[in-house]
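Below you'll find the structure, written out as structure tokens, and then a few comments.
Nothing in this text is a laboratory measurement; each read-out follows from the coordinates by a stated rule. All values derive from a computational prediction rather than experimental measurement. Cβ sites come from the backbone with ideal geometry, for glycine too, and all protein chains shown count toward neighbours.
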Amino acid sequence: MDSLPQPFIQNLTVAFGRDKTVDWVARLPSLLSLAASRWDLEPGAPVDALSYNYVCHATMLPSPTRRGAGGKVILKIGIPNRELTSEIECLRAWGGLAIHPTVRLLAFDPENGLLLLERLRPGRDLASLADNERATEIAADVMSRLWIPAQDNPNFITLKGWFDELQNLRPRFGGGTGPFPARLLETAEGLLRDLFAEDERWLIHGDCHHYNILSHGDEWRVIDPKGVIGAREYEAAPFMLNPINQPRPEIKRETNRRLDIFSERLGLDRQRLWAWTVAHSVLSAWWDLQEDGTGGEFAIACGEAFLDIS
């Protein structure tokens with residue numbers, strides 16, 4: 001599909017490699033046809049910002065097993081991988097619980113990387129709110145209704161598995177810290193030893209930030225859960241880095257207030273919320289780091305600001 005945005009192709013290439021990306025892009029038209037045939041859909045235009053999955057609007061057509069037609073849904077197609085499988089399992093686990101503010105998973109095919117989801121309307125994301133405190137309060141309310149004790153499911157990602165990736169950081173830079181400020185990395189390493197001293201097993205979203213919390217009528221619902229087993233305090237950490245790549249001259253004041261709100265509304269320890277926030281800034285920068293040593297600058301800058309907050 002020649003019309004796919006180049007940044008989308010670049011994201012896939014970095015994440016999955018060139019060969020797998022080229023093969024998947026070539027298969028995408030047939031995957032769209034497969035989903036359309038299987039679920040009686042008429043696929044429409046893709047969403048404005050494609051990141052790591054092809055996401056498009058779709059219309060449900062008449063079928064012998066369904067009354068009426070014209071229902072608007074979302075079709076998501078990704079390269080099959082552990083995160084996509086974990087997302088499906090997470091939405092399934094949450095789907096039977098009415099109190100959970102999540103997008104509904106209508107159908108799925110993990111082997112082909114297909115998810116059929118309800119369409120949230122109007123679908124405005126939390127980044128559209130200019131009021132930092134109000135956005136944080138909404139996020140806290142959403143988070144409070146998400147978490148459930150983790151099930152024994154090998155398909156879920158673990159927070160420990162994510163942070164174990166940082167063991168590759170110093171070897172990559174010959175025992176040094178590379179582009180990571182020594183104070184930031186050393187602080188994060190020390191915090192992580194304490195944070196993982198307790199084995200907490202909650203099923204959390206794992207990427208619950210402004211762009212993954214959307215309006216649906218008078219409610220707010222989450223999309224794109226990672227499906228992570230770990231500590232509840234981590235859930236607030238990705239939120240602290242967002243809105244991403246935007247000027248944040250008041251980041252220290254804003255983050256202090258966010259910590260207060262999350263601690264008060266969720267009944268969680270403020271110091272542990274802060275510790276996970278610092279640790280996540282390093283992990284986020286590590287994930288964004290490119291072969292040439294660039295990337296991750298925004299997360300590192302946020303992390304350095306977070307160090308001066310406690």
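Please report Rg over Rh for the stretch 106-166, where both radii come from the alpha carbon positions and Rh follows the Kirkwood definition. List each step's numbers first, then the result.
On the way: Rg = 16.5 Å, Rh = 15.5 Å.
For the stretch 106-166, the value is 1.06.
Once the Cα atoms are used to define both axes, helix 82-95 deviates from the longest principal axis of the chain by about 80 degrees.
Largest mean-square fluctuation among Ala197, Ala299, Ala36, in a Gaussian network model of the chain whose springs join Cα atoms under 10 Å apart, belongs to Ala197. Distance between the C-alpha centres of the stretch 265-279 and the stretch 137-187: 14 Å, rounded to the whole angstrom. Note on Gln6 and Asp308: with the Förster distance fixed at 35 Å, the Cβ-Cβ geometry gives a FRET efficiency of about 0.40. To test your reading of the geometry: what angle, between 0 and 90 degrees and rounded to tens, separates the Cα axis of helix 270-288 from the longest principal axis of the chain? Taking Cα atoms only, the helix is inclined about 70 degrees.
Rounded to the nearest 0.05, what FRET efficiency do Gln167 and Glu198 have when you use their Cβ-Cβ distance and R0 = 35 Å? The formula returns an efficiency of 0.95 here.
Considering only Glu198, Glu133, Glu254, the mean-square fluctuation computed in a Gaussian network model of the chain, springs between alpha carbons under 10 angstrom, is largest for Glu198. Between 0 and 90 degrees, the angle of helix 182-195 with respect to the longest Cα principal axis of the chain falls at about 70 degrees.
Given the rule -39500 (n - 2.57) for each run of at least 4 DSSP H residues, summed and divided by the residues of the chain, what is its mean residue ellipticity at 222 nm, to the nearest 500 deg cm²/dmol?
Numbers: 11 runs with 135 residues, N = 310.
About -13500 deg cm²/dmol.
Springs between Cα atoms under 10 Å define the GNM used for the chain, and in it the highest mean-square fluctuation of Gly161, Gly296, Gly174 occurs at Gly174. In the chain, a dipole from Cβ-located charges (positive for Lys and Arg, negative for Asp and Glu) runs towards its positive end, and of Phe306, Pro243, Ser33 it is Ser33 whose Cα lies farthest in that direction. Assuming charge only on the beta carbon of Lys and Arg (+1) and of Asp and Glu (-1), the dipole of the stretch 177-302 about its Cα centre is about 340 debye to the nearest 20.
Rounded to whole Å and sorted largest first, what semi-axes of the equivalent ellipsoid does the C-alpha gyration tensor of the chain yield via the square root of 5 times each eigenvalue?
Value: 33, 23, 18 Å, ordered largest first.
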